[in-house]
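What follows is a set of notes on a single structure, which appears directly below.
The values are calculated or read from the model by the stated rules, or taken from the named source; none is laboratory data. No experiment lies behind these values; they were computed from the predicted model shown. Here Cβ is always computed from backbone atoms with ideal geometry, including for glycine, and neighbour counts include all displayed protein chains.
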Amino acid sequence: MAFEPPAAGLPGPGPDEGFPPAEAGAPAGESPWRIAYRRLLRNRIALAFLGLFFLIVVFVLAAPIWATHVAHTGPNTTHTLEKISVNGETKEVVEPSGRPIGPVWLGAGGKFFFGADGRLGRDEMVRLMYGGRTSLLIGFSSALITIVFAIVLGLLAGYYKGATDSVIARAMDVLWAIPVLLLAIALGTALAVGGLRIGPIHVAGNSLLIPILIIGFVSIPYIARPIRGEVLSLREKEFVEAAVAQGASARRIMFVELLPNLWSTIIVFFTITIANNMLIESALSFLGAGVRPPNSSWGSMISEGSDLIYSAPLLSILPGAMVLLTVLSLNVFGDGLRDALDPRAKVRLEVTAAQAGPEGAAI
Amino acid sequence: MKKLGVVIVAIVSIAAALALSACGSSSSGGGGKEGGTLEGAYTSYPDYLDPQLSYTAEGWTAMYNVYTPLLTYKHADGAEGSEVIPGLAKALPKVTNGGKTYTLELRKGLKYANGEPVKASDFKNAVERMFKLDSGGSSFYTDIVGAEKFFETKQGEISGIETNDSTGKIVINLVKPRGTFNNELALMFVAPVPANTPDKDQTASPPPGVGPYTISKSEPGTGWDYVRNPQWAKTDSKLLPEIPSGHLDKINIHLIRNQSTQVNEIEQGKLNWIFDPPPADRYQEVKEKYEGTQFKTEPTISTYYFWMNTAQPPFNDLKVRQAINYAVDPAALERIYSGQIAGTQQILPPGMPGYKKFELYPHSMAKAEELLKEANPSDKDITVWTDSESPNNEAGAYYQDLLKKLGFNAELKIVNPDNYFTIIGNTSTPNLDTGWADWFEDYPHPNDFFDPLFNGEAIQPTNNENFPQIDEKPLNAKIDKLAEEQLGPQQEDEYAELDKEYMEQAPWAPYGTRTLSNFVSSNIDLEGIIWNPTFETDFSSISFK
C-alpha cells in the first residue's frame, strides 16, 4: 500500500493508515476525511463562524462594486472641501475644524455610509472594504508562506534528525527567541524606504509583498516546531519502516508517506495562522511598519482613527471590530476543524478538564 | 532651520503625570501678580539644554531667559519682538571696514548665575566651543576670519575675534560683509558661558548664564526646573534694564508624552502652561471652550510647502510647476491641519520683514489642467515624499491624490520624521520628484528663507535644503548682493520683489503658515504672555492672576 501514490484528488492519507482514526462503528470503507466532514457538520458553532468568515470575504470582495456603483469614489480619493446632500440637507464632508462627517448611512445614496475617515475626507466604507482586502490578502498569503516553509523545514528536521535537525531547530530557536512583533517592526522599518533586493529581484518599499514576506517569515518557527515534533514521532511508525525496507528514497518517505499524515495538523494550523498573521499585520500597520499609506488595511485604519479617537471613535472601532470578527471566526472554525479531524485531542482535553474540575472546586 | 520638535503622542503619560499629580501646584492658590511656581509641560525633551547646541524651538524657548547673547531679541510680541537690541553688549555693534568689522563693548560688572564675572573672552570661547561641538548653528558663523579653518581642524583659535577682558572690547572680523550678522549675534549659539564650561553637551547640567532665571535641575527624560538667578537681583538686572526680570519664583517643567493628558491637567489646574498645542483631536474643542480666557493662537514665521525638483522631468517644465500651484488648494490644507495653518501662496510668511502679500496662482483646477495639456509631460511617474508625522502625512496623501487627479501616476513615500530631511536632502536619493517640507525661521531676516532654500550655490550633495534644486543665475546674484547689505526699507522691497520672482518660477507650491498656541490654566494671566516670533513663549512674561 505504501508504494502506491495517494488516491487521486485526495490530499489525505489512505484509510488503512488510520489517521485521523476511524470512529468506532463507522461504516466500513468510509474515508477518515468523510468522517471528519460529518463531525464538522454536527458542530453548529464552528459552521456559524465559518459562515461569518465567508460573509466577511464577500464583503471585502465586493469593494470595487460598492466603490464604483454606490459610493462613486476610490479608497484613496480625498474629498476635503466637498459638500454632500444628506436627506436634502447640505453638509460638509470635513468641517473647517478638521472634523469629518459621521455615518450618514444611506442618506447620501450610499456615499459616506460610515462617514469620512478624517481630515482628508475619504469614504470610510470604501476604505474599510479595500482595507479588508489588504488585511485578508496579507493574512492568507503570509500564512501560505509560513506553512510551506514550516512543512519543508519541519519534515527535514524531523526526518533526518542529527545535524540537520540541530541546525534547523536551533535556527528556529533563535528566531523564536526574538519577540515576533519586534522582529517584524525592525524588518518593516528597514525595508520601508529602499525596498527589498535579492539578486535580480527587487520589491519596492511600499509593495504589499514586503509585509507579506515579513509576516510570513517571522511566523515560521511557531508552525515548524510542532510539525517537526509530529514528524519525529511519525517516523518511528511501522509504515515508515516498511517504506524504508522497500527501498523508498528519503524524499519519497517525507513527501509521500509522512506529509499525508500531517495534513490534518497543517489544515488546522493554516486557519489559525491566517488569524494570527492578520493580527500581526494589524499591529504592524498600526505602528507604521506594515502597509504603507495611502493604502489602507484594518490595522492602519485603526492607527489613523486613533488620531480622532475622542471626536470620531467609530473610525477606530469599525476596523477594530472587523479584525476581531475575522480573527474570531477563523479561530472558532479552526478549533471546530481540529475537533473534527482529531477528536482524540478533544477527548484528552475533556478528560483533563474533568479531572481538574473537582480538585479546582475543592480548593 | 529651527525644527518644530517631533510631537510624539504616546499612549501612556507615564511617571511624569504621576509625579505631577503628587506634587500638585503650590501656586494654584494664586496670590498676587508676583511670585508663585509655574508647573509646565513639554511633550519631548528639547534636543539640548546647552546654548551652543540647541537648534529647536523647544530648546530656545527653554533657554531664552537663562542665557543672554551679546545682542538679543526684544522681549515683545510680533514685529517688535523681531528687533535686535543690545544684550550683554552696551550697544549695537559699530560696523566698519565696508561691513566686515563689527566692534562691540561688553557691559561692565555682569556676573553669571554662579557669581563668576562675565569676560569679553567668554564670547570667543563660546564661539569656539560651538565649533568644537559641531553645533548645527556653526554655518552662521563661518564667515568670521579663521572660523572655517577652526571648524575643520578644531585647533588653535579663531583669529577673527579679538577680545580685551579689561576693557570689554570685542572686535569681530568677517571675510565678507554679512547683512544678517546682527541677527546671528543674537542667537543662543554664541551666548557667553563661563570659560571653564566643558567642551561637551551639558544638557544634564546646563552651565550658568546671564538672565533672570537659572536652570537648577535638569533630568533628561523627566523634566527640568528653574529658580530665579541669584545674581540677577544683585547686579545684572540693573545693568540690563531692557530685559524683564520675570514674575514667577520657580518654574518646573515636566515631560508628559501624552498631549491629551496635558490638556486634561491644564483643565484640572494641575498644570499651568504647556509648550505644545493641544493634539489635533482636541484642538477645536479647546479653542472653542477657552479662546480668549485660557487659549490664544500665536503666529510663527514659517512656510509649509510642496517642493518640485526643477532638475528632472516632469517638473523641469515651468508650466507643470505652475499647474501644480494652481491645483494645490490652501483652503483644503487648512482643514487637513485642523485650522492650525493659515493659507498662503508665497515664500515669505507674514511677520517676516519684506513680506508683501500676493497671490499668483488662485486655486483653479481648470487652469491647472489647461497648463498641463499645453505642457504635455512625457514622464508621468512621480514619487511624492512626506514624513510620517500627522498631519504632514495626510498633506502628502492629499497631494498624491491631487497629482493622480491631474493624470500623473503618483506614488507616496512616507519617511520617519527623524531622517526625512536627511533623505530628501541627499541629492543622490533616487526619485526625488516632489514632496512636502516646511521651514521655520532661524531669525527674522528674509535672507534666512532665500539663501539656504533657493540659492543655486547652496545646492549640496548631502544636507541640501534647496529641495527644488533651483539654480537661477540672475536670482542667485540678487540673493548674494542682498546678503551683504544691512536690512533697510529698500532691501525689504527688494526681498519682496525676489519673493515674487521666485514664485513666478514656481519651484514651490506654498500652502500655509503654521500657527501655534498658548494654553494655560485659569489662574494664569493669558493676556500678559509675550510670544516672541523667534523664541516663542517668554517665561518672564507669565504671571499668576
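Among the residues of the range B:244-259, at least one is in contact (Cβ under 8 Å) with a residue 40 or more places away in the chain, within 14 Å of another protein chain (Cβ to nearest Cβ), surrounded by 22 or more Cβ atoms within 10 Å (Cβ to Cβ) and of a type outside the set (A, V, I, L, M).
Residues that are more than 13 Å from chain A (Cβ to nearest Cβ), in a loop (DSSP other than H, G, I, E, B) and either under 18 Å from the mean Cα position of the chain (by Cα) or more than 30 Å from B:Gly354 (Cα to Cα) (or both) occur at least once in the range B:446-457. Residues in the range B:351-385 that are assigned to a loop (DSSP other than H, G, I, E, B) and surrounded by fewer than 16 Cβ atoms within 10 Å (Cβ to Cβ): B:Lys356, B:Lys357, B:Phe358, B:Glu359, B:Leu360, B:Pro362, B:Ser364, B:Asn376, B:Ser378, B:Asp379, B:Lys380.
If we keep just the residues of the range B:306-335 that are touching a helix residue (DSSP H, G or I) at 6+ places or on another chain (Cβ under 9 Å) and among the acidic types (Asp, Glu), which is nearest to the other protein chains (Cβ to nearest Cβ)? Here the answer is B:Asp329. Take the conditions (1) in contact (Cβ under 8 Å) with a residue 40 or more places away in the chain; (2) within 14 Å of chain B (Cβ to nearest Cβ); (3) hydrophobic (A, V, I, L, M, F, W, C); A:Ile302 misses just one of them, which is (1). Scanning the range B:389-402 for residues that are surrounded by fewer than 24 Cβ atoms within 10 Å (Cβ to Cβ), more than 9 Å from chain A (Cβ to nearest Cβ) and either under 11 Å from B:Ala327 (Cα atoms) or polar (S, T, N, Q) (or both) yields one hit, B:Asn392. Give the range A:311-363 a look and list any residue that's outside any helix (DSSP H, G or I) and at pLDDT 80 or above, or say none. A:Ser311, A:Ala312, A:Pro313 - these are the residues of the range A:311-363 that are outside any helix (DSSP H, G or I) and at pLDDT 80 or above. The set of residues from the range A:321-338 being more than 13 Å from A:Ile56 (Cβ to Cβ) and surrounded by fewer than 20 Cβ atoms within 10 Å (Cβ to Cβ) comprises A:Asn331, A:Asp335. Looking across the range A:59-75, the residues that are surrounded by fewer than 20 Cβ atoms within 10 Å (Cβ to Cβ) and either farther than 19 Å from A:Pro319 by Cα or within 11 Å of chain B (Cβ to nearest Cβ) (or both) come down to A:Ile65, A:Thr68, A:His69, A:Val70, A:His72, A:Gly74. Can you spot a residue in the range A:115-124 that is of a type outside the set (Gly, Ala, Ser), surrounded by fewer than 20 Cβ atoms within 10 Å (Cβ to Cβ) and either not in a loop (DSSP other than H, G, I, E, B) or not assigned by TED's automatic domain parsing to the domain that holds A:Pro313 (or both)? So far as the range A:115-124 goes, no, none of its residues is of a type outside the set (Gly, Ala, Ser), surrounded by fewer than 20 Cβ atoms within 10 Å (Cβ to Cβ) and either not in a loop (DSSP other than H, G, I, E, B) or not assigned by TED's automatic domain parsing to the domain that holds A:Pro313 (or both). Somewhere in the range B:168-180, is a residue closer than 19 Å to B:Glu58 by Cβ, touching a residue at least 40 places away in the same chain (Cβ under 8 Å) and either of a type in the set (Asp, Glu) or not in a helix (DSSP H, G or I) (or both)? Checking the range B:168-180: not a single residue is closer than 19 Å to B:Glu58 by Cβ, touching a residue at least 40 places away in the same chain (Cβ under 8 Å) and either of a type in the set (Asp, Glu) or not in a helix (DSSP H, G or I) (or both).
Considering only residues in the range B:274-304 that are within 14 Å of another protein chain (Cβ to nearest Cβ) and among the β-branched types (Val, Ile, Thr), the one that is surrounded by the most Cβ atoms within 10 Å (Cβ to Cβ) turns out to be B:Val286.
Does any residue of the range B:117-133 turn out to be under 18 Å from B:Thr72 (Cα atoms) and in a strand (DSSP E or B)? No, there is no match, as no residue in the range B:117-133 is under 18 Å from B:Thr72 (Cα atoms) and in a strand (DSSP E or B). Taking first residues from the range A:166-177 that are in contact (Cβ under 8 Å) with a residue 40 or more places away in the chain and partners that are small (Gly, Ala, Ser), the Cβ contacts under 6 Å between residues at least 6 apart in sequence or on separate chains come to A:Ile168/A:Ala157; A:Ala169/A:Ala157; A:Met172/A:Ala224. A search for C-beta distances below 6 Å between a residue of the range A:262-280 that is in contact (Cβ under 8 Å) with a residue 12 or more places away in the chain and any residue that is among the aromatic types (Phe, Trp, Tyr) and surrounded by fewer than 21 Cβ atoms within 10 Å (Cβ to Cβ), counting only pairs 6+ apart in sequence or on different chains, returns A:Ile274/A:Phe140.
Inside the range A:274-295, residues that are among the hydroxyl-bearing types (Ser, Thr, Tyr) and either at pLDDT 90 or above or touching a Cys at 6+ places or on another chain (Cβ under 7 Å) (or both) make up a count of 1.
Close Cβ contacts (under 7 Å, 6 or more residues apart or on different chains) running from residues in the range B:434-459 that are free of Cβ contacts under 8 Å to residues at least 12 places away in the same chain to residues that are surrounded by 21 or more Cβ atoms within 10 Å (Cβ to Cβ) comprise B:Ala458/B:Asn466.
Any residue at all in the range B:195-214 that's touching a residue at least 60 places away in the same chain (Cβ under 8 Å) and outside any loop (DSSP other than H, G, I, E, B)? Yes, some residue in the range B:195-214 is touching a residue at least 60 places away in the same chain (Cβ under 8 Å) and outside any loop (DSSP other than H, G, I, E, B).
Say whether the condition of being touching a Pro at 6+ places or on another chain (Cβ under 7 Å), of a type in the set (A, V, I, L, M) and modelled with pLDDT under 95 is met by at least one residue in the range B:280-294.
Yes: one or more hits.
For the range A:93-109, a tally of residues being more than 9 Å from chain B (Cβ to nearest Cβ) and either of a type in the set (Lys, Arg) or part of a strand (DSSP E or B) (or both) returns 1. Can you name the residue in the range A:184-206 that is surrounded by 17 or more Cβ atoms within 10 Å (Cβ to Cβ) and under 22 Å from the mean Cα position of the chain (by Cα) and is also nearest to the other protein chains (Cβ to nearest Cβ) among such residues? Once the filter is applied, the top-ranked residue is A:Asn206. If the condition is being surrounded by fewer than 21 Cβ atoms within 10 Å (Cβ to Cβ) and in contact (Cβ under 8 Å) with a residue 24 or more places away in the chain, then the range B:232-243 contributes B:Lys234, B:Thr235, B:Ser237, B:Leu239, B:Glu242.
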